[in-house]
Amino acid sequence: MALVSAAFAVLPACNSEKQSEAKHEATGDAGAPRPAGVDKNLAEAIGAVANDTSQGPPPNGLFAPGAADKEMKAGDPPKFSLGGKGTGETITFGGPAIKLPKPLAARADVSVRTGPQAAMPTIDFALLIDNEKPAEGADAPSAATAKVVGSKLGKEQPGQLPPELEKEVGKLKGGKVRFDLAPTGGARVSSVELSKESDENFGLAVQAAGNAVALAYLPFPTEPVGIGAYWLVTSRENYAGLDVVAYRMIKLEKVEGGKAVLTLSTKRMVAGGKLGLPGLPEHTLTEFSGSGTGQLVVPVATPGLVEQGLVTDSIGAGITVPNAPPGRDHLVAQLQMRTQFGVGTR
C-alpha cells in the first residue's frame, strides 16, 4: 500500500562525514522522546564480558564475517553478567516466568519514525501470550507465541491520517510473533507472521511489539541485590531485518510496593542481514549505530514477566546502493521506535 510505504524515508548523503552526522541525529526526531543516552557504564561492561578471543564490539557497529560468533553464536541462550550488587536492603527476584499458568494478555503501543517528516501511524496492539507445549520429557516449554488479538490506531498520532487507514490497521489482527525461550530467562523473536490481509509494510510495527514482549522474559540475578545493582544481558537477536548482538545494561533504581523499577540501556552490533525498511533499495551496510533506553517494572519475589515497560530504540545506518546514480549510491537510513507495553493487561 503506497500510503504505508510513503511513511518511510531514506536520506541521501554526499560523503561519510554527513553520513556520520545523520547517524547521530537519528537518535531523536520531532514529536518522539529523545533517549537519555546509553548508560556510561555500558561500554565498560561490554568490554568486561567480551570473549578473550575477540576484540569486543566493533567501532563502526559491524562485525567482521564470523566475528560475532566469538561474542555469541546464533541460537545460544542469553549471557548474564552481574556488574554490581548495589547497596542497602536487598531483594531477591523470583526468576523467569517460563511456565505460564495460563495465557497472558498484553498490550503494546508502537510508534515508528524515520525522520522529522516521516512516520508510521501509532498502533495499539492487544496480544495474547501462550507457551507452546513442552517437548516430551522437558521440564519447561522452549517456545511461546504472542498472537495479535486486536489492533487499532493509537489516540495520539504524528499527523492527520486518512480515514481508510483505520481499516488497514485492523487487518493486523491474527498476526503472530513466535519466541524461543531460554530456561534461565530470555526470549528471542524467531519469526513474525502477519495475517493474510495485512499490508507487509506493517511488519516492522508488529515485530516492534514482539520485541517489547520479548523484554518481558529478561533474566534476573539469582542472588540478593540492592539499590544501584546492575547487570548485563547479551543476546543474539533478529532486529529490523538484521542479525544483531544486543548488549543490555539493566540497573535497579528503586523498589516500591513489591515491584522493582529498572532502567534499561541497549547497544546493538550487526552480525549480518539487511535493514528491513519498506521502500529501501537493495543495499550493503557500511556503518551502523543502534541504541535504546527504557524503564521496566517487574514484580519481586514471585516469578513473573516484566509488568510494564517504555522503550525507545534508535537506528542510524550508512548504506551503499549498487549501480545507483551519483548522490544516491551512499545513503543514510534513520529509524526510531517507541514502544509502551504491559503484560497481564488489556
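Summary table
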| item | result |
| --- | --- |
| Odd one out for residue 328 among (1) of a type in the set (Lys, Arg); (2) closer than 30 Å to residue 127 by Cβ; (3) part of a loop (DSSP other than H, G, I, E, B) | (2) |
| Matching residues, the stretch 287-320, being assigned to a strand (DSSP E or B), among the hydroxyl-bearing types (Ser, Thr, Tyr) and in contact (Cβ under 8 Å) with a residue 40 or more places away in the chain | 289, 291, 293, 312, 314 |
| Per-region count, the stretch 165-182, residues in a loop (DSSP other than H, G, I, E, B), out of contact with any Phe, Trp or Tyr (no Cβ under 7 Å at 6 or more places or on another chain) and either of a type in the set (Phe, Trp, Tyr) or touching a residue at least 40 places away in the same chain (Cβ under 8 Å) (or both) | 1 |
| Residue in the stretch 78-97 that is closer than 24 Å to residue 208 by Cβ, among the aliphatic types (A, V, I, L, M) and modelled with pLDDT under 80 present | yes |
| The stretch 295-346, residues that are loosely packed, with under 15 Cβ neighbours inside 10 Å and either of a type in the set (Asp, Glu) or in contact with a Lys or Arg (Cβ under 8 Å, 6 or more places away or on another chain) (or both) | 345, 346 |
| Pairs with Cβ under 6 Å, 6+ apart, first in the stretch 59-86 and at negative phi, second at pLDDT 90 or above and among the aromatic types (Phe, Trp, Tyr) | 62/288; 82/231; 83/230; 83/231; 84/230 |
| Complete set of residues in the stretch 180-195 that are in contact with an Asp or Glu (Cβ under 9 Å, 6 or more places away or on another chain) and either farther than 16 Å from residue 98 by Cβ or of a type in the set (Val, Ile, Thr) (or both) | 189, 194 |
| Near pairs, Cβ below 9 angstrom, 6+ apart or cross-chain, from the stretch 97-126 (at positive phi) to any residue that is surrounded by fewer than 18 Cβ atoms within 10 Å (Cβ to Cβ) and in a strand (DSSP E or B) | 115/11 |
| Any hit, the stretch 298-316, residues being under 21 Å from residue 95 (Cβ atoms) and touching an Asp or Glu at 6+ places or on another chain (Cβ under 9 Å) | yes |
| Scope the stretch 222-249; condition in a loop (DSSP other than H, G, I, E, B) and either under 12 Å from the mean Cα position of the chain (by Cα) or within 18 Å of residue 66 (Cα to Cα) (or both); matching residues | 240, 241 |
| In the stretch 147-182, residue surrounded by the most Cβ atoms within 10 Å (Cβ to Cβ) [restricted to those that are of a type outside the set (Ser, Thr, Tyr) and touching a Gly at 6+ places or on another chain (Cβ under 8 Å)] | 177 |
| Pair list, Cβ < 8 Å and 6+ apart or interchain, from the stretch 324-345 residues that are under 14 Å from residue 312 (Cβ atoms) and in contact (Cβ under 8 Å) with a residue 24 or more places away in the chain to residues that are of a type in the set (Gly, Ala, Ser) and surrounded by fewer than 22 Cβ atoms within 10 Å (Cβ to Cβ) | 334/9; 334/22; 334/115; 336/28; 336/32; 338/32 |
| Meets criteria (assigned to a strand (DSSP E or B) and more than 21 Å from residue 238 (Cα to Cα)) for residue 190 | no |
| Contacts under 8 angstrom Cβ, first residue in the stretch 183-204 being among the aromatic types (Phe, Trp, Tyr) and surrounded by 14 or more Cβ atoms within 10 Å (Cβ to Cβ), partner at pLDDT below 90 and not in a strand (DSSP E or B), 6 or more apart | 202/4; 202/120 |
| Selection within the stretch 222-253 - surrounded by fewer than 20 Cβ atoms within 10 Å (Cβ to Cβ) and at positive phi | 228, 241 |
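To keep it simple, each residue is scored yes or no on (1) modelled with pLDDT of 95 or more; (2) under 20 Å from residue 219 (Cα atoms); (3) part of a loop (DSSP other than H, G, I, E, B); (4) in contact with a Lys or Arg (Cβ under 8 Å, 6 or more places away or on another chain).
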| site | (1), (2), (3), (4) |
| --- | --- |
| 114 | no, no, no, no |
| 147 | yes, no, no, yes |
| 155 | no, no, yes, no |
| 161 | no, no, yes, no |
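The values are calculated or read from the model by the stated rules, or taken from the named source; none is laboratory data. Please read these numbers as outputs of a predicted model, since none were measured by experiment. Here the Cβ is made from the backbone with ideal geometry for all residues, glycine too, and neighbour counts use every protein chain on show.
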